[in-house]
Amino acid sequence: MVAWFSFNLLKPHYGRPYPVHFKYEPSFFNHFMHWDAVWYTHIAVYGYRNSTVHIPTIAFFPGYPLIMKFIHIVVGKDISFLYILPAIIFQGASIYMLYLLLKALNKKESTIYMTILLFAFYPSSFFGMSAYPVSALNFFAISVFYLLIKRQQLLASVLAGLGTLFGPLAVFLSFVVFFDIVKSKKTTDYPKAILYGALSLWGFFAFVLYSFYKFKDPIAFIHAQDWWGKPTLLKRISNILMLIPHDIPSHPISTPLGVYEFDHFINLLIMIAYILIIVFAIDKLPLHYTLFAILILAEYLWALGGIFINTSAFARLSYISVPLFIALANFLEDYPWLIGIISPLFFFANFVLEALFVKNYWSI
């Protein structure tokens, strides 16, 4: 339905050129393979390269490309549906894990289903139909929170470490694991907290070692971010306070209308909602859950101050903020009528953003 809507009602847009054009098998699902999905395919087929026509591929973490690489080796060709299939599976698994998590928190069945509905309609959930690691990170983050509730801290650490192979924001799960252990206030648990906290970063450390081996630069994936812009600290702070990018390109790629103010407005709304949920839920969530959500918010603001294209990417960057959905469950338990307001808003935003994505607009 979204594909039909976008192709019939939106004007065409071709985005930026890529260094490699893949000859996919003809498929309806080609419409969902845009932007970063193309770069993940590039990595899966050709491996990492520190410099390409536009973006150093080392900027993208290897978890999802490794899955795509396996598929490419087995099948021997690029079939977009098979590249998207792992994301669909991860999305379904993350919904199931969210159910188990809320069940473990003793939420009512009605509250659980309302929260799952919001999670399914969340404005970044359409990435579950593209070769993006978003749904995988959903799964790992929710699983970590669930396992910590079940006191399976070692397994939680291992899964958190695996999550860091899929995206850098998963490193914040290490804080959750660490503080979940030290909250016992037993000095005998401190070495365990440090050990498990470090174990929660094993995937990240593996990528650091690979970057050093491949490019003689252990943080090549950070230096690759300079392609998106590298303002001074003062300028970055100014950009954060003003909620504007430091350099708007002359050609419109953001929305069908080419109006960047639309993205500023979306950014502002999402960030306000994010902050309000954190503030109102601060007395209902464990301290380290709230810390995790605040770290995600801080990272977003830091990135927003440096990126040269200000898109509504926060809808995507907050994908592993599991505490927000736990907080929403608390709100819905007390005010179930909110589902009638939030779910249509989430559904509409998800529909529009997915339509733009399918049409190859970068308004996500």
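Brief remarks follow.
- Ranked by the mean number of other Cβ atoms within 10 Å of their residues, highest first, the peptides 174-183, 206-215, 139-148 fall in the order 139-148, 174-183, 206-215.
- Arg49 paired with Leu287, simple spin-label distance in nm, labels 7 Å along Cα-to-beta-carbon: 5.0
- Rounded to the nearest whole Hz, the Karplus-based 3J(HN,Hα) values (6.51 cos²θ - 1.76 cosθ + 1.60, θ = phi - 60°) of region 36-43 follow the sequence 4, 4, 5, 5, 4, 5, 4, 5, with x at glycine and proline.
- Residue exposure sequence - Tyr132, Tyr335 - by fewest surrounding Cβ within 10 Å: Tyr335, Tyr132
- Here each label is just a point 7 Å from Cα along the line to Cβ, and for Ser238 and Leu117 those points are 4.7 nm apart.
- Sorting 73-80, 150-157 by their mean Cβ neighbour count within 10 Å, with the most densely packed peptide first, gives 150-157, 73-80.
- For region 92-109, backbone phi angles converted through the Karplus equation (6.51, -1.76, 1.60; θ = phi - 60°) give residue-by-residue couplings of x, 5, 5, 5, 5, 5, 5, 4, 5, 4, 5, 5, 5, 8, 6, 7, 5, 4 Hz, Gly and Pro being listed as x.
- Rounded to the nearest whole Hz, the Karplus-based 3J(HN,Hα) values (6.51 cos²θ - 1.76 cosθ + 1.60, θ = phi - 60°) of region 215-222 follow the sequence 10, 6, 9, x, 10, 4, 5, 7, with x at glycine and proline.
- Under-5 Å amide H pairs with Phe166, H placed in peptide plane, nonlocal only: Gly63
- Cross-link pairs Lys183/Lys235; Lys107/Lys183; Lys107/Lys185; Lys77/Lys214; Lys192/Lys284; Lys150/Lys230 - those with Cα-Cα distance over 32 Å: Lys183/Lys235; Lys150/Lys230
- Between Thr187 and Ile219, the FRET efficiency from the beta-carbon distance, with R0 = 35 Å, is close to 0.55.
- Theoretical FRET efficiency, 1/(1+(r/R0)^6), r = Cβ-Cβ of Phe205 and Ile88, R0 22 Å, to 0.05: 0.15
Values quoted throughout were computed directly from the atomic coordinates according to the rules given, and no laboratory measurement underlies them. What you are looking at is a predicted structure, and each value in this text was computed from that prediction instead of being measured. Quick reminder, even Gly has a Cβ in these numbers, built from the backbone with ideal geometry, and neighbours come from all protein chains shown.
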